[in-house]
1. So, how do all the Cα-to-Cα distances of region 2-226 break down into 5 Å bins, in percent, from 0 on up?
2. What fraction of the DSSP beta bridges in the chain is antiparallel, stated in percent and rounded to the nearest 5?
3. Zone of GLN40 (label point 7 Å along Cα→Cβ, backbone N under 13 Å): which residues in region 191-229?
4. Per residue, how large is the accessible surface of region 2-226? Use a 1.4 angstrom probe and give square angstrom.
5. Under a plain spin-label model, where a point goes 7 Å from the Cα along Cα-to-Cβ, how far apart in nm are ASN113 and ASP74?
6. Using a Förster distance of 22 Å, how high is the FRET efficiency between GLN128 and ASP166, based on the Cβ-Cβ distance and rounded to 0.05?
7. How much net charge surrounds SER203 when only the other residues with a Cβ under 14 Å from the Cβ of SER203 are counted, with Lys and Arg +1 and Asp and Glu -1?
8. Starting at the first residue of region 178-190, write each ³J(HN,Hα) from the Karplus equation 6.51 cos²θ - 1.76 cosθ + 1.60 with θ = phi - 60°, in whole Hz, x for Gly and Pro.
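The values are calculated or read from the model by the stated rules, or taken from the named source; none is laboratory data. A quick note: this is a predicted structure, and the numbers were derived from the prediction, not measured. A quick note on method: Cβ atoms are made from the backbone with ideal geometry, for glycine too, and the neighbour counts reach across all protein chains shown. Ligands, DNA and RNA are stripped out before the accessible areas are found, and what is left, the full protein with its side chains, is counted by its heavy atoms. Shrake-Rupley method; radii C 1.70, N 1.55, O 1.52, S 1.80 Å.
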Amino acid sequence: MWIKICANTNLDDALMAAELGADAVGFVFAPSKRQVTVEQVAAITPHLPRNVERIGVFTTTSDDEIIQIVGKADLTGVQLHGGHHDAEYISRLGARPGENYVEVIRTASWVVNGDEESDRQAAELLLQLAHHTRVDTRILLDSKVKDELGGTGIAFNWAKARAVIDSDSRLKAHDIILAGGLNPENVADAIRALHPWGVDVASGVEEVPGRKAPERLKRFIEAARAVRL
Ligand SMILES: O=C(O)c1ccccc1NCC(=O)[C@H](O)[C@H](O)COP(=O)(O)O
């Protein structure tokens, strides 16, 4: 199980996540209580183990600016969390010479407690994303609450999303990352319900926005790793 600990704002938290066994750490460049600057992230990434992925989360930042941030902050991946982006362009130009393409994660949102129509729209968008992106593009499923697209701390209906994933072989071929309201207490149930390739968490392992809680972080990673499907 691939595990991303998102919305890091300082070196201590990002290092702790890496040391506890996270595969990736995330930094939110999008407007957020946990928003970071390129300078902050550039001061953190040189101190992280090289095998830990460093993912920037973006909403409306322009593609050219994202590419610049990837270089300056030494990111290995970008999470395009809404907004209109040319993912191919970013992955090609963001790559440093001799290295692989920058990893791209596209996000699909699922409205929490939505009605039938919003479930239908979520399913349609998820399928569109799967069919209109390269199959090596990871797809992150996150909760939408009112206008908030990320860091909500509230889970969506995993069973409904699972039914959509199971219905389409192209979607199933993508690496699906489950996010939205996960925490040490529910991550095992979430994995059993949706069978994701990876999981992602921000607020469920925090003491306060932007500051991780060591004990919760440890329990989250242990619980996710312990699940056998
Ligand atoms: O975390 C944020 O504050 C955030 C704000 C705006 C866009 C994206 C954001 N986070 C992206 C992530 O990948 C989070 O880990 C994901 O939304 C899950 O958050 P949570 O429900 O708090 O675990």
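1. In whole percents, the pair-distance histogram is 1, 7, 16, 20, 21, 17, 11, 5, 1, 0.
2. Details: 3 of 35 bridges.
Close to 10 percent.
3. Hits in region 191-229 for GLN40 at 13 Å: 209-212.
4. So region 2-226 comes to 45 Å² accessible per residue, rounded to a whole number.
5. Output for this residue pair reads 4.5 nm.
6. Working: r = 17 Å, r/R0 = 0.79.
It comes to 0.80.
7. On the way: positive: LYS4, LYS33, ARG34, ARG211, LYS212, ARG216; negative: ASP13, ASP142, GLU148, GLU185, ASP200, GLU206, GLU207.
Combined, the nearby Lys, Arg, Asp and Glu give -1.
8. With the stated coefficients, region 178-190 comes to 9, 9, x, x, 7, 7, x, 7, 10, 5, 5, 4, 5 Hz.
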